[in-house]
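K.L.:
Handing you a structure now.
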Amino acid sequence: MSENLIEVRGLTKKYGDFVAVNGIDFHVQKSESFGFLGPNGAGKSTTMRIIAATSQRTSGEVSVLGKDPEIQGPQIRAHLGVVPQQDNLDAQLTVSENLYIYGRYFGLPSKFIKSKINDLLEFAQLEEKRDVKVEALSGGMKRRLTIARSLVSEPDILILDEPTTGLDPQARHILWDRLFRLKEDGITLLITTHYMDEAEQLCDRLMVMDKGSIMAEGSPAALIKKYSTKEVLEVRFGSDRNAEMAPAMQQLCERIEVLPDRILLYSDDAEAVLESIVAGGNHPNTSLVRRSSLEDVFLRLTGRSLIE
Amino acid sequence: MSVTRSERKVPKFGARYILEARIRGMMKFFWVIVAVAILNPLLYLISIGLGVGTLISNNIGPQGIDGVSYLTFIAPALLASSAIQGAMDEVVFPTMDGFKWGKVFFGMNSTPQTGADIAGGVFLGAMVRTVLSVGVYSVILYLFGAMDSPHSYLAVPIAIFAGASFGAVMLAFASYVHNEDMFFTIVGRFIVGPMFLFSGTFYPLDTLPIALQFFGWISPLWHATELGRYATYGHSISGAMIGVHILFMAVMLVVGLKIAFRQFQKRLTK
Ligand SMILES: Nc1ncnc2c1ncn2[C@@H]1O[C@H](COP(=O)(O)OP(=O)(O)OP(=O)(O)O)[C@@H](O)[C@H]1O
Ligand SMILES: [Mg+2]
């Protein structure tokens, strides 16, 4: 029914002897918004660069828009918009010149690019900085310019590697809004992020990676359902007592995670768990009942918390 | 809102778009480039051309070296060395910036541009700068009376050729560099320095002991200087040597570009 724009089978990438991506399989359909989650060094950027036809794979099969990035890299890249993890704007040129030359790299006519620059500057909230050299922008402004730059060629697939890192909340919401609209227009999105709210908001489907392998894949709701309980109880006994209190509460819930600052108790009825704790004579300093989130899935799958 | 929809095709001869960006980049330093292009020859001509030249004509007579005035003798060498210097600067710094400092090549490469396009564009940018430097230089040489033979103008394309061949080799060299401090030391002390001193720039190469003439032989500056002297005032060299000079620079140009194109691609897609 729907076509796979991206198909990856047995993809492996080694740097010397080090295996950064270890035989992963996945596919992305047209107009889908697909997210990569995973701790630092999981292999997210490496995978994205291979799909973006800017890194050579070691083995496996990759097809993007029906083409092999190793053979038809330029043809694939003509359809992509890329926001790399690390900005690579031309610091000597101005904001508008950066948008302009980037469009030129796609061979786009000057007139076409110039007609788009105002809109892109408005989206990036950089109208006032139009003629300022990029080296004089703040980190978040550079990030916004990099994102705007990726749209100049009207890509079919947008590849965003931690796009909102360094953005203030307002800029982040403007970006989310824009990405929603692009998706409605049929553009396929690939996103890595360390923000779970962002992943839940933006992604139809997610892939959790760790140490080069896929730990899980599915929609945010399906992942939560599969890897967590409906609710979570967070209790704090003070950082010195959390670990010592944990064993006593093990039986009260399906799963327990002891973090340095709090204990997470997983259960479909978290309220009841809290009542049993109190009934047992223990009184946490603070307690919170909440619904499970991707954060919990991430913690379960990678053993690491994202909120430090 | 859009004029037309983006075509999403791979542009033909992508290097021209990289060149466009390089020219924009150079325009930011336009006055620096012009000042260097003017001051460089002026300083050389005043100190060496007039200073050393006067010394020579006072001691040997106006037909100082090789049967011509000292200025006429060094003019082709100065032109070629300015071409080489200009080409090198405009190849080495953008390449370091592109791969390492600002990583702009990685941005270019996420468009349809390939490593070869990017290398080609940087090279062409360096050639624009070289042509400009050599142009300014030759006008100043002319004003100093150093371009006085009817064929003097031939030194200009020869110098540009030398800039191109050395620029190509440096482009290849720079594309391998990860530690720029060491690179600049090596290039400055062991390549560029000796090249200017041992290429027959200021006196005929055969004045040197044979062991040191070796530096001249592997230096594009010497080959360009010999050709330039032959072309401008009929410095005597054999037909075979003309071929050798041209061939040497042509090989540097072609091999340099070939290696650069390959290494750019490799380093970008690591
Ligand atoms: N050019 C390289 N040379 C050698 N090793 C590399 C290179 N690039 C990445 N790696 C290694 O590959 C692994 C995966 O890196 P990658 O950048 O894909 O991780 P990531 O999931 O994007 O992490 P992060 O969240 O920190 O961005 C890391 O261990 C990293 O050290
Ligand atoms: Mg990354």
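Here, each number is a calculation from the coordinates, and none is a lab measurement. These numbers were taken from a predicted model, which means no experiment stands behind them. Virtual Cβ from ideal backbone geometry, glycine too; neighbours counted across all protein chains shown.
K.L.:
So for chain A, what are the equivalent ellipsoid semi-axes in whole Å, largest first, each being the square root of 5 times an eigenvalue of the Cα gyration tensor?
P.N.:
Calculated on Cα positions only, the semi-axes equal 41, 23, 17 Å.
K.L.:
Something else about it: Please compute the volume of the convex hull spanned by the alpha-carbon atoms of the protein assembly as shown and report it per residue in Å³.
P.N.:
Here the figure is 196 Å³ per residue.
K.L.:
Tilt of helix B:15-27 relative to the longest C-alpha principal axis of chain B, in degrees (0 to 90, nearest 10)?
P.N.:
70
K.L.:
Take the Cα gyration tensor of the stretch B:45-99, multiply each eigenvalue by 5, square-root it, and list the three semi-axes largest first, rounded to whole angstrom.
P.N.:
Semi-axes, largest first: 35, 10, 5 Å.
K.L.:
With labels modelled as points extended 7 Å from the Cα through the Cβ direction, what inter-label distance (nm, one decimal) is found for A:K230 paired with A:N40?
P.N.:
3.8
K.L.:
What does the average come to when, for each residue of peptide A:86-93, you count the partner chain Cβ atoms lying within 10 Å of its Cβ?
P.N.:
Averaged over the peptide's residues, the number is 6.
K.L.:
Quick one: which residues, 5 or more positions from B:I65 or on another chain, have an amide H under 5 Å from its amide H? H modelled 1.01 Å from N in the peptide plane, none for Pro or chain starts.
P.N.:
B:Y70
K.L.:
Mind listing the long-range amide H neighbours of A:L158? Cut-off is under 5 Å, sequence gap 5 or more, other chains count too, H placed in the peptide plane at 1.01 Å from N.
P.N.:
It is A:G81, A:T188, A:L189, A:L190, by chain and number.
K.L.:
So, one more: For a protection proxy built on the mean count of beta-carbon atoms within 10 angstrom, sort B:29-41, A:193-205 highest first, please.
P.N.:
The densest-packed peptide leads the list: A:193-205, B:29-41.
K.L.:
State, to one decimal in nm, how far the label point of A:Q201 lies from the label point of A:N285, with both points 7 Å from Cα in the Cβ direction.
P.N.:
In this crude label model, A:Q201 to A:N285 measures out at 3.1 nm.
K.L.:
Zone of B:K270 (label point 7 Å along Cα→Cβ, backbone N under 16 Å): which residues in the stretch B:107-121?
P.N.:
B:107, B:109, B:115, by backbone N distance to the label point.
K.L.:
So if R0 is 60 Å, what FRET efficiency would A:Q250 and B:V128 give, r being the distance between their Cβ atoms, rounded to the nearest 0.05?
P.N.:
Efficiency computed from Cβ-Cβ geometry: 0.25.
K.L.:
Give me the compactness ratio for the stretch A:207-290, meaning the Cα radius of gyration over 2.2 N^0.38 Å.
P.N.:
1.22
K.L.:
Let's test the formula: R0 of 30 Å, r as the Cβ-Cβ distance of B:V255 and A:H27. What FRET efficiency results, to the nearest 0.05?
P.N.:
The value I calculate is 0.10.
K.L.:
Note the angle between two axes, namely the Cα long axis of helix B:70-96 and the longest principal axis of the Cα atoms of chain B, as a number of degrees from 0 to 90, rounded to the nearest 10.
P.N.:
Taking the Cα atoms of chain B, the angle to B:70-96 is about 20 degrees.
K.L.:
Which listed residue (B:Y176, B:G115, B:I38) has the Cα farthest towards the positive end of the charge dipole for the stretch B:13-268, taking +1 on Lys and Arg C-beta and -1 on Asp and Glu C-beta about the Cα centre?
P.N.:
In the stretch B:13-268, that residue is B:G115.
K.L.:
Between A:K111 and B:R189, with labels modelled 7 Å along Cα→Cβ, what's the label distance in nm to one decimal, could you check?
P.N.:
Each label point is offset 7 Å from its Cα along the Cβ direction, giving 5.8 nm.
K.L.:
Related question: Taking the convex hull of the Cα atoms, report for the stretch B:13-268 its projected area averaged over all directions, in nm².
P.N.:
The Cα convex hull of the stretch B:13-268, projected and averaged over all directions, gives 13.8 nm².
K.L.:
In debye, nearest 20: dipole of the stretch B:13-268 around its Cα centre with unit charges on the Cβ of K, R (+) and D, E (-)?
P.N.:
740
K.L.:
Another one. Skipping prolines and chain starts, which residues have an amide H placed within reach, meaning under 5 Å, of the one on A:I214, given they are 5 or more residues away or on another chain?
P.N.:
Distant-sequence amide H within range of A:I214: zero hits.
K.L.:
Please give the FRET efficiency for A:I71 paired with A:D185, using the beta carbon to beta carbon distance and R0 = 25 Å, rounded to the nearest 0.05.
P.N.:
That pair, A:I71 with A:D185, gives E of 0.30.
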